[in-house]
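First the structure, in the form of C-alpha cells, and then the observations on it.
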Amino acid sequence: MGDYLKVVVTGDVDSGKSTLIGRFLYEMGSLSQGAIEEIKNTCQRLDTDFEFAYLLDSFEEERRNQLTIDTTQVFCKGKKGRRFIFIDVPGHQELLKNMLSGSSYADIAILVVDVQKSIEAQTRRHAFVLKFLGIEQIILVLNKMDLINFDENTFREAKENTVEFLEKLDIEPKYFIPISAKQGENLCRRSKKMLWCKGPSLLEVLNLCFR
C-alpha cells in the first residue's frame, strides 16, 4: 500500500460520487482558494448552484451534463501523516471499461448508493467489478440523506435492500455510513443531524482502513 491509501469511489451515475470527493477535500482543507473561486465562477456561468463535483469533473461536457467521463485521481493529506488517493470513476453504463481500469489500482472501495433509489443496475455492475478485482474492503455509503430529512427508517430499508444483493456476491461491507455529500454530513465528522447513527464518520473509517 505504501504511503497512500488508494480509495476508488464507485456507484451509479447520479449517486453523488464526485460530490462526495469534492466535499471531502473541502472539509479537509485540501482545496486552494483559487480552486474554490474557479468553481464559483463556473457555476455562475452555467447558472447552477455550487457543485463540489466540478472539482473532479473538469471537462465542460461533464459539468454541463453532470456526469463523470474520465477517471480522475486526487490527493488528500490527513492527520498523523496519513495520505489518501481518491479515484473518481465514471458511473455511466457505457463507461464501465473506464471504471474497471480505474478501480484496478485501488486498495479499498467506497460504494455510493442513492438512499432514495437503493440498488440501481449500474451499482450492481460496479459491485460485480469490485468482486472480480478482489477488492475485499468495501465501505457502503448511503448518500443524499438530506433529501429524506435524515430519516433513519428510510436509511435502514435502503441498507437492507443493498446488503441483500451484496450477500449474493459474497460481499460483506464492514461499514454502512449514511451521509449527505452535498452538505458534508458524516464525512469528516459525525453528523449532528443524524444522532441516531452511532457509527463512525467516513474519515474515521478511512483512518481505520489505513495500514
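Before moving on, here are some points about what is shown:
- Residues within region 1-27 that are modelled with pLDDT under 85 and assigned to a loop (DSSP other than H, G, I, E, B), tallied: 5
- Of all residues making up region 173-211, the number that are of a type in the set (A, V, I, L, M, F, W, C) and over 19 Å from ARG156 (Cβ atoms): 8
- With respect to the conditions (1) more than 15 Å from GLY11 (Cβ to Cβ); (2) without any contact (Cβ under 8 Å) to a residue 24 or more places away in the chain, LYS193 lacks only one, and its number is (2).
- Near pairs, Cβ below 6 angstrom, 6+ apart or cross-chain, from region 16-32 (over 17 Å from THR72 (Cα atoms)) to any residue that is buried (at least 18 other Cβ atoms within 10 Å of the Cβ) and at pLDDT below 85: MET28/CYS76
The values are calculated or read from the model by the stated rules, or taken from the named source; none is laboratory data. This structure is a prediction, so every number in the text was calculated from the model and none was measured. Reconstructed Cβ throughout: ideal geometry from the backbone, glycine too, with neighbour counts over all protein chains shown.
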